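Working notes for the structure below.
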Amino acid sequence: MRKTSEARRTDSGLTLVVPGRYRKWTMSLFSSWLVRRYRVVAVSCAVGAFAFGSLAGRTKGPWFWVVLALAAVFTAASVGLPMFAERTASGRAADARQVAERSKQQMRLVVGRVLTPLAYLLGEISDARTRTGELDRLQGQALSVVLSAATELVDADGVRACFFRAIGGRLRRLELVGYYGRAEPGTIEFVAGTPLGDEAFRLMDEDRDGFYPDLLVDAPPGWVTDAHRHRSLAVVPVVTEREQFGILTIDAEECGALREQDVELVRLLGELLAAGLNR
């Protein structure tokens, strides 16, 4: 069991010794409480200073100096607490700005590392010849980059990205052609005429995103929880103004693992993939 304190015997008796990390934690907790309630504490100290100051005028002997000292302490506290709270809040704001700036720099590095090869592939696709098989190879590489980028840019555990290609004909369907991330394939296909398939096609036809942060609370029509391990899902269409290529999905095993900004990132990747497939 972890020891939070210990008693040591000294010449004057037993002394309770508290480790330094717990003293720091206690002081941090106290300072946080003080910053949140400094106005109430400062007003209380000001009232106490006034009361002890009034009492000092009617006190004589040794108690006069005791009351006067208490009045001085309360006066100093009523003045110093707002200054301490302001200084502490300013320091925390500066720390928060530094953390935010570091996060932005890390995101720029990740986005640059992920999107640079995709931009290169899009340039290659625009110049590729359709009859040599080079176009199909480059588009396949672009799909792989998009799927891996989706799992890398989304900050969640157990993430998986899938691409379902739209197949026309008498019975429309969306067929799984690639996935990346968690080592298990997603739904094999979505078929028009079923609740789940119709919802997928509705999102694609209307060029709308589908976001289900907690599938136990809000799920697409026809969703069967027992048939899927993931509990958070985002769906974005991969379309242009004239062509529908399919849908790009990202899912995670925990409820609430995906956020709105994750959907925006996947939406961007879906648009880039659509540009690469539009040949």
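Read-outs: derived from the displayed coordinates by stated rules, not from any lab. What you are looking at is a predicted structure, and each value in this text was computed from that prediction instead of being measured. Every residue, glycine among them, receives a Cβ derived from its backbone with ideal geometry; neighbour counts consider all protein chains shown.
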Excluding L135 itself, calculate the net charge of residues whose Cβ lies under 14 Å from the Cβ of L135, where each Lys or Arg counts +1 and each Asp or Glu counts -1.
0
Which ordering of R231, R182 is given by a fewest-first count of other beta-carbon atoms within 10 Å?
R182, R231
Note, A234: beta-carbon cut-off 10 Å, +1 each Lys/Arg, -1 each Asp/Glu, net -3
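Calculate the translational D of the range 143-277 in whole µm² s⁻¹ from Stokes-Einstein, where the hydrodynamic radius comes from the Kirkwood formula applied to all Cα pairs, the temperature is 37 °C and the viscosity 0.692 mPa s.
Values: Rh = 14.5 Å.
Here the translational diffusion coefficient equals 226 µm²/s.
Going by C-beta contacts inside 10 Å, put Y212, Y120 in order with the fewest on the left.
Values: Y212 20, Y120 13.
The most exposed by this proxy come first: Y120, Y212.
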Excluding P220 itself, calculate the net charge of residues whose Cβ lies under 11 Å from the Cβ of P220, where each Lys or Arg counts +1 and each Asp or Glu counts -1.
-2
Using the count of nearby Cβ atoms within 10 Å as a rough guide to exposure, how do V236, V159, V224 rank from fewest to most?
V224, V159, V236
